[in-house]
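The values are calculated or read from the model by the stated rules, or taken from the named source; none is laboratory data. If you're wondering where the values come from, they're calculated on a predicted model, not measured in any experiment. Cβ: placed from backbone, ideal geometry, glycine included. Neighbour counts: every protein chain shown.
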């Protein structure tokens, strides 16, 4: 079987930022014209990333402006370790399992890339990047110009020399990443847009991936979450403050804002955030099979059919006391339900606050609160020799809410068996 290789960019891909831009902010912190230097470095960065300026000219221009030294690089590494892209950070286990196949290929510099990526099990011999040249006082005065990655088309030249045999996938945000696809050296190019979206790049990509979760999902690879959040449609209806949209968008959900709940969204909506006074017809709720949670920025009483939401396993978070900060709090509760299974402060569900998950899969089973159902759930695990690492159960009225963390590695038929248990309302895999 042919081996897979994953060629991953560093700046604005593995990390949320452009490292040289951040280095400029550190090294030029007290310079009287620092803002002008920042602007010029960002201009040179973007010009190269969008293919409007050769990489060599962009790199040389930025290095001359930096006025940086080794101590500045130490500060930069501390910053970058806190700026690893969220979807890469939560998929550390993927990098551990695929350490032989993951390559960091970047026009950046090993001096700051290596200490940032090696904690993610990426081997030093799989890091391909430029290196700085220092003077006797440890000031950065240039870079190794013989390195192919310091030149225009450097990634193409490097991969040509490496002559990797197998299926090669490229992930990045810039023009140099697309060049690998254009050259025919990689099978597919995934434009990574979690941090920045360059239209000139996305329109040429084989696939636009708003997160690393999305890349893993479409390629059927193991991942920290079962379903990419960017594929969960979050519909905001009515008078919803900008801060609420910001909270959900920052968390990675796909956002649509509408004045009314349009019928065309009913079958696809996964999360629904409603402004005060908005009502949802029962017929729409009954058709919303993917809907997992509703947030209501006001008191939902008499405006939302709670009994029907219970029957469909839809968790409601509302704002019956009209607190000022609930425009942030309600969307955060919705996100925590999707991310962890938390139902804390829910209007209609048992209130569960859950710990972070370890190396396990988290399964959520919503069911009618009838005798014996937990015995049936646990019998499925026992019959399939599955180890339960943690289990949480609460009931409220006619709703039973069970969250089970199980050891990794099990047959997919287990999930089907859990869904088929009588009185199951809704079942989903969280991780």
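Report yes if residue 236 is closer than 27 Å to residue 87 by Cα, in the same structural domain as residue 267 (by TED's automatic domain parsing) and touching a strand residue (DSSP E or B) at 6+ places or on another chain (Cβ under 8 Å), otherwise no. Answer is yes for this residue.
If the condition is being in contact (Cβ under 8 Å) with a residue 24 or more places away in the chain, under 25 Å from residue 294 (Cα atoms) and within 28 Å of the chain's Cα centre (by Cα), then the stretch 351-394 contributes 351, 352, 354, 355, 357, 361, 362, 363, 364, 365, 366, 392.
For the stretch 258-320, the strands (runs of 3 or more DSSP E) that sit wholly inside it and include 1 or more residues that are at pLDDT below 95 are 315-318.
No other residue among 99, 87 is surrounded by 19 or more Cβ atoms within 10 Å (Cβ to Cβ) and either modelled with pLDDT under 95 or in contact with a helix residue (DSSP H, G or I) (Cβ under 8 Å, 6 or more places away or on another chain) (or both) apart from 87. Of all the criteria given as (1) outside any loop (DSSP other than H, G, I, E, B); (2) exposed (fewer than 12 other Cβ atoms within 10 Å of the Cβ); (3) touching a residue at least 24 places away in the same chain (Cβ under 8 Å), the one not satisfied by residue 411 is (1). Of everything in the stretch 13-26 that is buried (at least 23 other Cβ atoms within 10 Å of the Cβ) and within 18 Å of residue 61 (Cβ to Cβ), the residue that is nearest to the chain's Cα centre (by Cα) is 18. Looking at this structure, is residue 64 out of contact with any strand residue (DSSP E or B) (no Cβ under 8 Å at 6 or more places or on another chain), without any contact (Cβ under 8 Å) to a residue 24 or more places away in the chain, in a loop (DSSP other than H, G, I, E, B) and at negative phi? Spelling it out, it is not the case that residue 64 is out of contact with any strand residue (DSSP E or B) (no Cβ under 8 Å at 6 or more places or on another chain), without any contact (Cβ under 8 Å) to a residue 24 or more places away in the chain, in a loop (DSSP other than H, G, I, E, B) and at negative phi. Might you check whether a residue that is out of contact with any strand residue (DSSP E or B) (no Cβ under 7 Å at 6 or more places or on another chain), without any contact (Cβ under 8 Å) to a residue 40 or more places away in the chain, under 27 Å from residue 250 (Cα atoms) and part of a helix (DSSP H, G or I) occurs anywhere in the stretch 79-87? Yes, that holds for at least one residue.
Do we find a residue being at pLDDT 95 or above, assigned by TED's automatic domain parsing to the domain that holds residue 166 and farther than 22 Å from residue 31 by Cβ anywhere in the stretch 51-71? Scanning the stretch 51-71 turns up no residue that is at pLDDT 95 or above, assigned by TED's automatic domain parsing to the domain that holds residue 166 and farther than 22 Å from residue 31 by Cβ. Considering only residues in the stretch 238-264 that are farther than 27 Å from residue 195 by Cβ and out of contact with any helix residue (DSSP H, G or I) (no Cβ under 9 Å at 6 or more places or on another chain), the one that is surrounded by the most Cβ atoms within 10 Å (Cβ to Cβ) turns out to be 238. Is it fair to say residue 333 is in contact with a strand residue (DSSP E or B) (Cβ under 7 Å, 6 or more places away or on another chain), without any contact (Cβ under 8 Å) to a residue 60 or more places away in the chain and assigned by TED's automatic domain parsing to the domain that holds residue 301? Yes: the conditions hold for residue 333. From the list 172, 166, the one residue that fits, being under 29 Å from the mean Cα position of the chain (by Cα), surrounded by 14 or more Cβ atoms within 10 Å (Cβ to Cβ) and either under 25 Å from residue 87 (Cβ atoms) or at pLDDT 95 or above (or both), is 172. Taken together, the residues in the stretch 44-61 that are part of a helix (DSSP H, G or I) and loosely packed, with under 14 Cβ neighbours inside 10 Å amount to 1.
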